[in-house]
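Notes for the one structure printed next.
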Amino acid sequence: MSTNSFGHLFRVTTWGESHGPALGATVDGCPPGVAIDEAMIQHWLDRRKPGQSKYTTQRREADEVRILSGVFEGQTTGTPVQLMIENTDQRSKDYSEIMDKFRPGHADITYWQKYGIRDYRGGGRSSARETAARVAAGGLAREAIKLLAPGVKITGYMTQIGAHRIDRDRFDWAEIENNPFWAPDAQAAADWAEYLDGLRKSGNSVGAVVEVVASGVPAGLGAPVYAKLDTDLAAAMMSINAVKGVEIGEGMAAAELTGEENADEIFLGNDGKPVYSSNHAGGILGGISTGQDIVVRFAVKPTSSILKPRQTITKTGQAAEIITKGRHDPCVGIRAVPVGEAMMACVILDHLMLHRGQVGENRGKIG
């Protein structure tokens, strides 16, 4: 299986399976001199790890990261950084009954059709467990961004579970860390808790929408046509397990606007820099960052592993009924928040490095 890597200059390759001995990431191209240790990366992994509330899978993984290479005396050396996370709470027997059956909504059937072999223990490479490696790489990317563009801040949060949305009028950045849903709306979080508890007890699941904002990103990142910043962001978010749609800025809602409504008017600020009347573009014009907040939104489908009987077929083509046992997230979108943040960090760092390599400092002056 090829294509397990993403990025241009800051390049991340993830490896390992859900029920293998370990998984991790090899990060090539990290700038030298980035102050890093395992505790810095662990902070971000602790936000993603399972078993932290009744609304996520009860698989108990410490997700303790080890740095195996590329760091000396607390700094990156510029050589590949190898990050490893051991799996310690596998229950492969939970999946023995689906050895020959294909779970509806899962990649089981397509993996089998393509490769003629699949790791049925938790989904192997298609498992959301793979995202732990991305979060580890994203932790490294965040520290490198501090060195190159210290004003950048990346924050993710949930805006919707099922049909239940946050109220943007109650949006509170400080609330995001105060509830298990990373919701910027305390009332929505309380409503979601009751709703999701009922789904969890019934053995069902639901989808979600996650929004990730990068503020303080300098203007000029990205390039026209094939190296657009939004192209790479969309690809990065779409690569996350269970993601079925990605939007930048207004996204699909832009189709409902007129040109007059959608165009973000431009003014010259007191500091001599452009300011905008709005941010329908999500901080990106023509594939290049404007200096405004970069806003990315993605939709996560309902967890396909549910305790509801579903119809399927076996490898021999026989009709069968299946119930997926095991420990699964009733809403996988919850733990997708730190994953989206990590992917944003990796893409922003990659484009910071590409920009420095081609242009250096921005050349176009205004005023």
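Brief remarks on what is shown
- Subset of the range 141-164 (residues that are without any contact (Cβ under 8 Å) to a residue 24 or more places away in the chain and more than 29 Å from L9 (Cβ to Cβ)): A163
- Residues being of a type in the set (V, I, T), surrounded by 15 or more Cβ atoms within 10 Å (Cβ to Cβ) and over 21 Å from the mean Cα position of the chain (by Cα) are entirely absent from the range 160-176.
- Odd one out for A39, checked against (1) open to solvent by 30 Å² or more (accessible area, probe 1.4 Å); (2) more than 19 Å from M344 (Cα to Cα); (3) at pLDDT below 95: (3)
- Within the range 185-206, if we keep just the residues that are surrounded by fewer than 20 Cβ atoms within 10 Å (Cβ to Cβ) and not in a helix (DSSP H, G or I), the residue that is modelled with the lowest pLDDT turns out to be G203.
- Residues located in the range 83-117, provided they are crowded, with 18+ Cβ neighbours inside 10 Å, of a type outside the set (A, V, I, L, M, F, W, C), at pLDDT 85 or above and farther than 17 Å from S304 by Cα: N87
- A149 vs. criteria farther than 24 Å from S18 by Cα and in contact with a Leu (Cβ under 7 Å, 6 or more places away or on another chain): yes
- All positions within the range 93-134 that are in contact with a strand residue (DSSP E or B) (Cβ under 7 Å, 6 or more places away or on another chain) and either among the basic types (K, R) or not in a loop (DSSP other than H, G, I, E, B) (or both): I98, K101, R103, R129, E130, A132, A133, R134
- Candidate set from the range 238-249 (those that are modelled with pLDDT of 95 or more and more than 22 Å from N262 (Cβ to Cβ)); member that is most open to solvent (accessible area, probe 1.4 Å): K244
The values are calculated or read from the model by the stated rules, or taken from the named source; none is laboratory data. Quick caveat: nothing in here was measured; it's all calculated off a predicted structure. Positions of Cβ are generated from backbone atoms using ideal geometry, with glycine treated the same way; all protein chains shown enter the neighbour counts. For accessibility, only protein heavy atoms count, side chains too; no ligands or nucleic acids. Shrake-Rupley method; radii C 1.70, N 1.55, O 1.52, S 1.80 Å.
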